[in-house]
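Remarks on the structure that follows.
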Amino acid sequence: MSTGQLEVNLRNKLDLMNGPNERLKYIAEELASFFGVRTHEVGIFRVNHKNHEIVFIWPQGMTSFGHIPLNAVNSLVAKTANDRAATVDNSFSGSRHLFIFEHMLAEKSERIPLQKIMSAPIIKGADVLGVLQISRKAATVTEAGADFTPQNLDELRTISTIIADYLA
């Protein structure tokens, strides 16, 4: 499926949905399918500018696990929001980052390291509404599968602009 077809599918379906939880689940399922990952390898975050923090909104089980300060030094999600730039890291497990959250993103049996990750800001107008992340988790970088490509990152940027219309 092309990014254009995914955009049409997302907009058509999301326009018919009323509840934010239903929308988040659908977005996660579609992105997981599009990028060939599992739904718990999709992360969607909302920026709370008033409290200077970022909170999980997907996976839904993470919404009660606290927040990430916007000024967190070793946080890719905070860096993405602050820099307003998309990034890819195919050796993420070796990068400095906040390990605590990656182990909370799934059921206990699925708590394995994030090996590869893409991260893109969700921007509407001049506002950063959130961050969208796609990861590949596995015991080793080889087991995680294919590297994310520059094309994948471009696709994620495009998708993040679509999602911005549904987070506002």
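The values are calculated or read from the model by the stated rules, or taken from the named source; none is laboratory data. The model shown is predicted, which means the values in this text are computed figures rather than measured ones. A quick note on method: Cβ atoms are made from the backbone with ideal geometry, for glycine too, and the neighbour counts reach across all protein chains shown.
Residues in the stretch 139-164 that are of a type in the set (S, T, N, Q), part of a loop (DSSP other than H, G, I, E, B) and modelled with pLDDT of 95 or more: THR149 alone. In the stretch 61-71, of all residues being surrounded by 14 or more Cβ atoms within 10 Å (Cβ to Cβ) and not hydrophobic (A, V, I, L, M, F, W, C), the one that is modelled with the lowest pLDDT corresponds to THR63. Going residue by residue through the stretch 105-112, is there one that turns out to be within 16 Å of the chain's Cα centre (by Cα) and at pLDDT below 85? There is at least one residue in the stretch 105-112 that is within 16 Å of the chain's Cα centre (by Cα) and at pLDDT below 85.
Residue by residue, here is whether (1) in a helix (DSSP H, G or I); (2) buried (at least 18 other Cβ atoms within 10 Å of the Cβ); (3) in contact with a Leu (Cβ under 7 Å, 6 or more places away or on another chain) holds:
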residue	(1), (2), (3)
GLN5	yes, no, no
ASN12	yes, no, no
ASP15	yes, no, no
HIS40	yes, yes, yes
ILE44	no, yes, yes
LYS50	no, no, no
VAL73	no, no, no
ALA85	no, no, no
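Each residue in the stretch 87-104 was checked for being at pLDDT below 60 and surrounded by fewer than 17 Cβ atoms within 10 Å (Cβ to Cβ), and 7 of them qualify.
The residues of the stretch 111-126 that are without any contact (Cβ under 8 Å) to a residue 12 or more places away in the chain and of a type outside the set (A, V, I, L, M, F, W, C), listed by number, are ARG111, GLY125. Kindly indicate whether ARG46 is in contact with a Gly (Cβ under 9 Å, 6 or more places away or on another chain), touching a residue at least 60 places away in the same chain (Cβ under 8 Å) and closer than 18 Å to ALA164 by Cβ. When the stated conditions are applied, ARG46 passes them.
Can you name the residue in the stretch 72-86 that is among the polar types (S, T, N, Q) and modelled with pLDDT of 90 or more and, of all such residues, is farthest from LEU156 (Cα to Cα)? Result: ASN82.
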